[in-house]
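Here the structure comes first, spelled out in structure tokens, and everything after it is commentary.
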Amino acid sequence: MIKRGLALLLCASLVESGCAAGGGLRAATFMAPARFAERADRGQTDPRVLAEYVQKLPVGSVVKVELRSSRSVKGTLIKATSASVIVQRNTRIAEAPIEIPLSDITRVTLETGTSHPGRSIAIGAAAGAAAALGVILILVFAFND
């Protein structure tokens with residue numbers, strides 16, 4: 001009787017928590033006070049630090065350049081100087097490279113390209129199958145007395 005009750009309790013806790021499905025509360029939602037968000041919204045960037053960072057990026061890397069006008073440009077880094085950044089946009093139809101002055105830039109992010117939807121779907125399906133198999137095995141062993 002204790003085994004069955006424990007098995008049902010474990011199954012209920014697995015189903016209720018949602019495991020990795022994202023249904024539960026996340027700690028990150030409570031960790032960002034408003035004062036940090038205010039600093040990020042000001043858009044203040046030291047041009048010397050930004051120029052130093054951009055010049056250290058390897059030519060040919062994929063970057064996302066966020067502008068003060070709340071626009072962003074994604075493309076391949078062609079050249080970086082102490083005054084501007086030249087980016088070739090990734091478009092289906094070829095365009096001329098864009099020269100963006102550092103005074104117009106709020107942030108430059110190096111795109112790593114590790115996000116693949118197919119891989120994410122496969123990982124989610126595998127995790128769901130493993131959880132279902134675990135629940136089934138617990139129930140089989142609990143009711144197989």
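The values are calculated or read from the model by the stated rules, or taken from the named source; none is laboratory data. Source: prediction; values computed, not measured. Counting neighbours? That spans all protein chains shown, and the Cβs are built from the backbone with ideal geometry, glycine included. What goes into the accessible areas is simple: the full protein's heavy atoms, side chains included, and nothing from ligands, DNA or RNA. Shrake-Rupley method; radii C 1.70, N 1.55, O 1.52, S 1.80 Å.
When only the heavy atoms of the protein chains count and the probe is 1.4 Å, how do Leu133, Leu139, Leu67 rank by accessible area, highest first?
Of Leu133, Leu139, Leu67, the descending order of accessible area is Leu133, Leu139, Leu67.
How many nm is it between the label spots at Phe143 and Ala122, if each spot is 7 Å from the Cα in line with the beta carbon?
Label at Phe143, label at Ala122, 3.5 nm between them.
Could you go through segment 120-133 in sequence order and give the Karplus-derived ³J(HN,Hα) for each residue, using 6.51 cos²θ - 1.76 cosθ + 1.60 with θ = phi - 60°, rounded to whole Hz, and x for Gly and Pro?
5, 5, 5, 5, x, 5, 5, 5, x, 5, 5, 5, 5, 4
Do any trypsin sites (Lys or Arg not before Pro) in segment 75-145 lie in a loop, going by DSSP, with at most 12 other beta-carbon atoms within 10 Å of their beta carbon, and if so which? Let's see the in-between values first.
On the way: sites: Lys79, Arg89, Arg92, Arg107, Arg119; in loops: Arg92.
Passing both the DSSP loop test and the Cβ count: Arg92.
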